[in-house]
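Novice: Got a structure here, written out as structure tokens. Questions coming.
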Amino acid sequence: MKITNIQIDHMTEPMGFLVQDHPVVSYQIVEAQGNAQRSVRICVYDAETLVFDSGVLEHAQPVYVIKAPLSPRTRYEVRIAVVSDANEEAHTATWFETGKMDEAWQAQWIAPAGEETGSVPVLGKVFTLEKAVARARLYVGCAGIYTASLGGVRVGDECLTPYCNDYSAWMQIITHDVTPQLCQGENVLELTVAEGWHQGRFGLQGASKIYGDTPAVIAELHVCFADGTQTVLATDASWYARKSCYVSAGIYDGVTLDYTRSTAEKTPVRILPPCAGKLTDRLSLPVRVKHTLPVANVLTTPKGELCLDMGQNMVGWLRIDTTLFADKDFSIRFFEVLDPEGNVYLDNLRSAKQAFVYHTDGRARVTEPPLSFYGFRYAWVEGLDTLPREAFTGCVAYSDMEQTGDITTSNVWLNRLFLNALWGQRGNFVDMPTDCPQRDERLGWTGDAQVFCGTANFNMNTAAFYRKYMYDLAFEQQRRNGAVPHFIPSFQDGEDGAHARSSAAWGDAATVIPWTTYLHSGDKTLLAREYPAMKAWLEYIRRQDSGNRLWDSGFHFGDWLALDTPRPERPLGTTPSELVASAYYLYSATLVSKAAAVLGYAADAAQYAALAQEVRTAMQREFITPTGRVASDTQTANVLALFMAFATDPDRTAADLAAKIAANSGHLNTGFVGTAYLCRALSDHGHNEAAWNLLMRRDYPGWLYEVDKGATTIWERWNSIKPDGSLGDVSMNSYNHYAYGAVVEWLYRNAAGLQPLEEAPGGTCMRLSPQPSPRLEGLNASYRAPQGLYRCEWRIAQDGLHFCFEIPFGGTGRLVLPDAPQEILLNGEAVPYCGELLLHKGIYTVQYMPLKPYFIAYGAESAAAEVMESEPMKRWLQEQLPAFAALPHYVFLEPPTGTLRAYLAGLGVEISDETAAAMRQAWAGIRSWDVGFVS
Ligand code: BGC
């Protein structure tokens, strides 16, 4: 038995992170004989002194709280001893280290005294250490973003430190372990400071100097010598400033490097008064280069532009080895797609230059610009005659989170869709959840974050990432009396204007993100920490309610970018904004009441459950007809009635939704809000096939249409590239916008059936309830919950449905099988099945012949809609049935319904027994999963 994946506050060996209340520890058990944990004991030591002892705990939990008194700048060892129910024992240890906590600073804020050092100055100090160093930590706060170096060698591997937040509220302190980089004797510590989000041009208004106008740092180097003595080197007036090789470095515009500059001259620094924001230990996860990509292709466009194609829309930068062109100046523009003629397309970046400019001093070097980042698949290089591929490496950087979920299927388009959403998360989880990573926006839009967080929580361990976002959200909310701005940090955007107000579905990030993250992490302390923000948001909504229990006032983004929008220049969709807003009122009231119940706040739980019920009743009165029809005729209105639970007749609503999709030629027309829950609403209410059919379409509009058009990330708009190849509305058209990737949550929950349970969060028990479809031959999905790895695999074969389930140590799977008979084969043995099976740790195979056919043989009794979507079957009908071939084209404008036989009979085409037999024979080789939905 082994203890693995031990985390403190959902991070591995965190150093210098803010401790809010108490840290929590979590871990997983593998290679055990036993099924579950009998007991655990957690002890925490400061050196050899025991500071916390949990005692022997017999009740297993997803996380354990470490209630130790903590001191600043101290490393704590956490020892864990687990005993299994088979009496195996395992021991392990991990550590965490506190940052400066509330300790006062000896250092002062410093900045260059004059202008001559440019916009990206270096601030440094030469100092001598007389003795051997045992341990050293560098603590840095910065107005801007910085890289640190010791003796000319970069410190650590983090990029974009100290990251992005509302600097007027708080400034993050980054802790670096610099022990191996210090030497006895002379050392040079330097910090290169760029504008970053602090002073650089950023935000919707394109403003600069939002939080200040001076690049500045505060730093302390704490050194413990081998002989036990200590010293502190702090920023003060004795430091120097000098020019760097960076001429400029901005988030939107990129980096200009000039190695011909003389940078040696040292000039004085000046002391600045403390910055407005409180210096606080960090919450931002490290942004690191997590993957590297080779160049996929080198191309010359029809206009003669020389480009690198990375084969993947990615976020980060290029690492460039200049050896083969050391004497050349060059410049690069990063961009996402080629235009319809195959030339460089920069227009959708709007004002963002996304450039890298390099002036050489003739020397060869490996260069990369960690003071900015780019969203790109292509790089247009000017100044070089040829592009040797090996000189360029794509560095993919994002907040360091482990991937916890994976899905592969028998369908390559679907696999690519999964990857596209995953790449969307990689590209847009650079310190904060952004809408897009390339144009002059890159903001922490709350609506986008809210709809995607269910998917994000399956794909990666996001608890620490969202903790930082929620910390920022709480600051914004405090200033706005519970309201949540449209993006976070708000960059003081229109605090008195439009952005001071909140939009439904956007502001609901305040309730949806904490609740979803709790469900996945099982960490109640997280929920308790965010509960005030959840409640404040709900109370804000309640104040917008004029007493009728509807949210029918104010501006809302509605069903943003829905295709049923009547006015493309105001893309809010057709679904009434009061319906969307009230649905979220109901949803947030429900989530807050659930959270209150989990936390034991009984009065709040009851109060908010009652509020939710009042909103539901008011919505039913306003938005549902007496016969149970959703009065608003849109797909999204029906989706919300099902998902937010205000339909009075859910079966009817689900049938109406399926019918609306069929009437729209089998296509969706939903926007940011409806799309997120569209397939879930269908599958959860008896229309699983409709969900699959929608997902598997490869024609416009739909998820796989984008894949068919070569997308390697999720697009902002369904028509970011139109069927004729032309590009979508240039004023707002990103090719890396994860919102519609929210469908991946359906892939995990419904297609694979991996469902977290509210009563057993953190994966202590999961419902395993796959909903396969004849549209797919097989699927294999895994999700590593805090409790351990759950896996579900299914395959459709002639002899029935085959499943394989894996349940981790300490976990339980509540197996709910689709269309199962009363007896199934479990690990090869016949066992009775009556609606649910409880399984503990282990790997199980299940097989049975389902009550409904999943392995479809096509013929006259097949669904007409499916046959008519299949090119080979349609062709056969045309060739073999003259009466069919003679039908006028307009009869096909009505979507086909019923069986093929009945449908054709309705059109006056009879199928004889002979034809039916021939048809069955001719179509025997056609597999349902090969029936492409392409018109
Ligand atoms: C962003 C979105 C965002 C929206 C709100 C856009 O500019 O890119 O994704 O949610 O505005 O309306």
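Coordinate-derived values only; no laboratory data. All values reported here derive from a predicted model rather than from experimental measurement. FYI the Cβ positions are ideal-geometry reconstructions off the backbone, even for glycines, and counts take in every protein chain you see.
Novice: Quick one: length gained pulling Asp227 to Ala134 fully straight, 0.36 nm per residue minus the C-alpha distance?
Specialist: Working: separation 93, 0.36 × 93 = 33.48 nm, distance 0.82 nm.
Taking 0.36 nm per residue and subtracting the Cα distance, the gain is 32.7 nm.
Novice: Around Asp564, which amide H atoms from residues at least 5 apart in sequence, or from another chain, sit under 5 Å from its own amide H, with H modelled in the peptide plane?
Specialist: Placed amide hydrogens put Thr574 under 5 Å from Asp564.
Novice: Further, regarding this structure: Which one, Ala711, Ala234, Tyr167, projects farthest toward the positive side of the charge dipole computed for the chain from Cβ point charges (K/R +1, D/E -1)?
Specialist: Ala234
Novice: Contact order normalised by length for the chain, with contacts defined as Cα pairs under 8 Å and 6 or more residues apart; what percent is it?
Specialist: Once normalised by length, the contact order is 9 percent.
Novice: Explain nothing, just the number: dipole magnitude of segment 171-261 about its Cα centre with +1 on each Lys and Arg Cβ and -1 on each Asp and Glu Cβ, in debye rounded to the nearest 20.
Specialist: Around 380 debye, computed over segment 171-261.
Novice: Still on this structure: So if we plug the beta-carbon distance of Arg261 and Thr74 into 1/(1 + (r/R0)^6) with R0 = 41 Å, what FRET efficiency do we get, rounded to 0.05?
Specialist: My answer for the efficiency is 0.45.
Novice: Would you mind ranking Arg333, Arg389 so that the residue whose beta carbon has the fewest other beta carbons within 10 Å leads the list?
Specialist: Arg389, Arg333
Novice: Can you work out the FRET efficiency for the pair Glu759 and Ser208, with r the C-beta to C-beta distance and R0 = 45 Å, to the nearest 0.05?
Specialist: 0.35
Novice: I've got another one for you. Using amide H atoms built in the peptide plane, which far-off residues or other-chain residues are under 5 Å from Leu754 H to H?
Specialist: Arg749, Ser769
Novice: Which FRET efficiency, nearest 0.05, do Glu914 and Ala857 yield, Cβ-Cβ r, R0 22 Å?
Specialist: 0.80
Novice: Which is farthest toward the positive dipole end of the chain among Val287, Tyr466, Cys183, measuring Cα position about the Cα centre, with Cβ charges +1 (Lys, Arg) and -1 (Asp, Glu)?
Specialist: So the residue furthest toward the plus end is Cys183.
Novice: Follow-up. Ignoring solvent entirely, what values of log10 I(q)/I(0) come out of the Debye formula for segment 449-520 at 0.15, 0.16, 0.18, 0.26 Å⁻¹ when each Cα is a single scatterer?
Specialist: So the normalised log intensities are -0.47, -0.53, -0.65, -1.16.
Novice: Determine the dipole magnitude for the chain: charges of +1 sit on the beta-carbon of Lys and Arg, -1 on that of Asp and Glu, nothing else is charged, the reference point is the Cα centre, and the result goes in debye to the nearest 20.
Specialist: Computed charge dipole of the chain: roughly 740 debye.
Novice: How much length would be gained if the chain were fully extended between Ala86 and Arg570, taking 0.36 nm per residue of separation minus their Cα-Cα distance, in nm to one decimal?
Specialist: Values: separation 484, 0.36 × 484 = 174.24 nm, distance 6.33 nm.
Fully extending the segment from Ala86 to Arg570 adds 167.9 nm.
Novice: Can you compute 3J(HN,Hα) from phi for each residue in segment 230-236, using the Karplus curve 6.51 cos²θ - 1.76 cosθ + 1.60 with θ = phi - 60°, rounded to whole Hz and x for Gly and Pro?
Specialist: These are the phi-based 3J(HN,Hα) values: 9, 8, 10, 10, 10, 5, 7 Hz.
Novice: Let me ask something additional. Expected output is a single nm value to one decimal: the length gained when fully extending between Leu825 and Ala60, i.e. 0.36 nm times separation in residues minus the C-alpha distance. What is it?
Specialist: Answer, rounded to one decimal: 272.2 nm.
Novice: Starting from the Cα of Phe555, step 7 Å toward the Cβ, then list every residue of segment 442-480 with an amide N under 18 Å from that point.
Specialist: 443-448, 480
Novice: Before anything else, pin down the relative contact order of segment 590-666: Cα pairs under 8 Å, at least 6 apart, normalised by residue count, whole percent.
Specialist: Once divided by the residue count of segment 590-666, the mean separation gives 21 percent.
Novice: With the crude spin-label approximation of a point 7 Å out along Cα→Cβ, what separation in nm comes out for Asp177 versus Ala905?
Specialist: Once both label points are built, they end up 7.6 nm from each other.
Novice: Right, something else. List, in order, the whole-Hz ³J(HN,Hα) value for each residue of segment 633-639 obtained from phi through the Karplus relation with A = 6.51, B = -1.76, C = 1.60 and θ = phi - 60°; use x for Gly and Pro.
Specialist: 8, 9, 4, 4, 4, 6, 4
Novice: Next question, about the same structure. How far apart, in nanometres, would the label points at Arg38 and Val366 be if each is projected 7 angstrom from Cα along the Cα-to-Cβ direction?
Specialist: The answer from the label model is 5.2 nm.
Novice: Between segment 608-672 and segment 834-889, how many Å separate their Cα centres?
Specialist: 29 Å
Novice: Collect residues whose amide H, placed 1.01 Å from N in the peptide plane, falls under 5 Å from the amide H of Thr899; neighbours closer than 5 in sequence don't count.
Specialist: Result for Thr899 returns Ala864.
Novice: What percent antiparallel are the DSSP beta bridges of the chain, to the nearest 5?
Specialist: 90 percent
Novice: May I ask you to sort Tyr677, Tyr735 by Cβ crowding, counting other Cβ atoms within 10 Å and putting the fewest first? Show your work: numbers first, answer last.
Specialist: Values: Tyr677 23, Tyr735 28.
In order of increasing Cβ crowding within 10 Å: Tyr677, Tyr735.
Novice: Then there's this: Per-residue HN-Hα couplings for segment 653-670, Karplus 6.51 cos²θ - 1.76 cosθ + 1.60 at θ = phi - 60°, whole Hz, x for Gly and Pro?
Specialist: Result, ordered by residue: 4, 5, 5, 4, 5, 4, 5, 5, 5, 4, 5, 9, 6, x, 10, 7, 9, 7 Hz.
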